[in-house]
Amino acid sequence: MERAGIAPRPFRKGDNMAKKKQLVENLVHGLFLLLGLITVGCVLLITLYLVVSGIPAIREIGLADFLFGRRWASTAAEPAYGILPFILTSIYGTAGAILIGVPLGFLCAVYLAKMAQPGIRNIMESAVSLLAGIPSVVYGLVGMLVLVPGIRRLFHVPDGASLLAAILVLAVMILPSIIKVSITALEAVPREYEEASLALGATPVETWFRVSVPAAKSGIAAAVVLGVGRAIGETMAVMMVSGNAPNMPDLFQSVRFLTTAVASEMAYSAGLQQQALFSIALVLFLFIMLINAALKAFLKGSKEG
Amino acid sequence: MNNIMTARDLCLWYGQAQALKNINMDIAENSITALIGPSGCGKSTFLKTLNRMNDLVPGVKITGQVCYREEDIYDKNVDVNQLRREVGMVFQKPNPFPMSIYDNIAYGPRTHGIRKRGELDEIVEQALRDAAIWDEVKDRLKKNALGLSGGQQQRLCIARALAVKPSVLLMDEPTSALDPISTSRIEELAMGLKDRYTIVIVTHNMQQALRISDNTAFFLLGELVEYGDTQTMFDQPADKRTEAYITGRFG
């Protein structure tokens, strides 16, 4: 085709317009990179800080005594810095919350993703989102005023502030993330799988539990891991309902978590005590890293399979 | 020959849009019936009324009658799951479950209460043999079915449908996602199966209809324009529109 009257347009780099555009491109590129680096920098800084400030106390107390010591008495005349009670409480508390929250949240997700009428689903999903938005101090408050006295009366224990109360509060708190991630996973299951199952004469319920759920299992596993992460890092709500005494964990005893151990003493700590709190934070941080790695592995699995 | 399925005055609406208009059609037992027509003509919709897969579409409305062995399948006392055992289906896109080859085939029988290992083994082997894929997969029954090629996956899906021992097998463009060699294998397979099953196949490929089917139904804009013996229809179409379509003037 002829391009009569149109001057040939240069398309090589070097003319002014192109140079200008290239410069803007580069600038924007650099700016965004910088913003990304700030995030990464924060993580690195926190990690570095935790490691540097967490290690001295561990060296002074001794790793085994610190991790496996059963007594925490940071303000006693002869102080003891064993954090086994905190570690076990965090693990038991999280496990308990998962045990209650996962079946509840998962079945709720199956209902919402597969069975619920659109109207009901909308309402329930907004409720779940709202649940996720409630500040943890409110959870703690309600737990303190309703759950703790309830447990005291129901189980006839002297004090309702206990591991059980913390587990129940955590179970509710992890529901939104479990429900939402499970719904996403269930909805990502190709419609063809379900059609194939129905066409073979399976009922809808059989189809959901024998085809949809297995096909979504890595996503659901990711939901569980996310719940674990949420539960293990929770501080304020569990501090308000667990009584916060450094006992070895027992369902009806007042207990202290890794998170609450740091939060409750930091304000007045000094010297080795303060350093030990940093060490606790380091242990907690390692837990979270482990959980993140697990989450990544699951998500990778779900992409591939 | 017996008619295993019949449609009488069948109309179907998706919301306001009428997709099927007064379809009257008898499907002969142990034969292959091809449904042809341009996209959107209602042939797939008709196919899915035969095992009530259209029930899954929101806003669908159906009037008229579809009978399977003289029983109205849209009667409210009909157990849809039982119907779908009798009238199986193979989809356009191969859709094996993301599980092992064995579990794919055993899924249907297990759903219908067969739990004994020996019995399942037998059903799985028979279904895979019937679908002409046994020799290719017998050494990897425990492997994930998604590792098979597209053509193998489709034959696996046919085997999976056969494993619940249906009488009728509906195939919704089963070869449109496959290469020519896989296609011809599925065609051979279909022809081999018609002694024991009744096959209704939707196809875009008129040569395919001519090659494998006994009867052909030509759909256009929701109407059944012409229905009869395949050879006769392709040689001497009764309707101008059929002639125009099979000679490639539109579609």
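When you filter the GluC sites (Glu not before Pro) in segment B:29-79 for DSSP loop state and at most 16 other Cβ atoms inside 10 Å of their Cβ, you are left with B:E29, B:E70. Tell me, which residues of segment B:97-115 get at least 40 Å² less accessible area when the other protein chains come in, versus the chain alone (1.4 Å probe)? Residues losing area: B:F97, B:P98, B:Y107, B:T111.
Between the alpha-carbon centers of segment A:28-79 and segment B:95-157, tell me the distance in whole angstrom. Result: 53 Å between the Cα centres.
Stretching the chain fully between B:D195 and B:H112 yields a gain of 27.4 nm (0.36 nm per residue, less the alpha carbon separation). Of all aspartates and glutamates in the structure, those lying under 18 Å Cα to Cα from A:K217, and not within fewer than 8 positions of it along the same chain, are A:E187, A:E192, A:E194, A:E206, A:E304, B:D103. In segment A:183-199, comparing the full protein assembly with the chain on its own, the residues that lose 20 Å² or more of accessible surface at a 1.4 Å probe are A:R191, A:E192, A:Y193, A:E195, A:A196, A:L198, A:A199.
Structure remark: mean-square fluctuation, Gaussian network model of chain B, C-alpha springs under 10 Å; the largest value among B:N144, B:N24, B:N77 belongs to B:N77. Considering the zone a paramagnetic label at A:A116 would reach in this model (a point 7 Å from Cα along the Cα-to-Cβ line), which residues of segment A:152-176 have amide N under 12 Å from it? Counting only backbone N, you get A:176.
By a 1.4 Å probe calculation restricted to protein chains, B:R8 has an accessible surface near 90 Å², given to the nearest 10. Springs between alpha-carbon pairs under 10 angstrom, Gaussian network model over chain A: which of A:L198, A:L112, A:L163 fluctuates most? For chain A, modelled as a Gaussian network with Cα springs under 10 Å, the answer is A:L198.
Judged by the ratio a/c of the largest to the smallest principal axis of the C-alpha gyration tensor, chain A counts as oblate, that ratio being 1.5 or greater while a/b is no larger than b/c.
Within the assembled protein chains, the solvent-accessible surface assigned to A:I38 is about 100 Å², based on a 1.4 Å probe. Of the residues A:L33, A:L272, A:L164, the one that moves most in a GNM of chain A with alpha-carbon contacts below 10 Å is A:L33. Here B:K61 is the anchor, and the aspartates and glutamates within straight C-alpha reach of less than 19 Å, apart from those fewer than 8 places off in the same chain, are B:D9, B:D72, B:D75, B:D79, B:E223. For each pair in B:K48/B:K194; A:K180/A:K296; B:K93/B:K240; A:K114/B:K116; B:K21/B:K48, compute the distance between the two Cα atoms and list the pairs where it is over 26 Å. Going by Cα-Cα distance, B:K93/B:K240; A:K114/B:K116 fall outside the 26 Å limit.
The values are calculated or read from the model by the stated rules, or taken from the named source; none is laboratory data. Everything numeric in this text was worked out from a predicted model, so none of it was measured. As a convention, Cβ positions derive from the backbone with ideal geometry for all residues, glycine included, and neighbour counts pool all protein chains shown. What goes into the accessible areas is simple: the full protein's heavy atoms, side chains included, and nothing from ligands, DNA or RNA. Shrake-Rupley method; radii C 1.70, N 1.55, O 1.52, S 1.80 Å.
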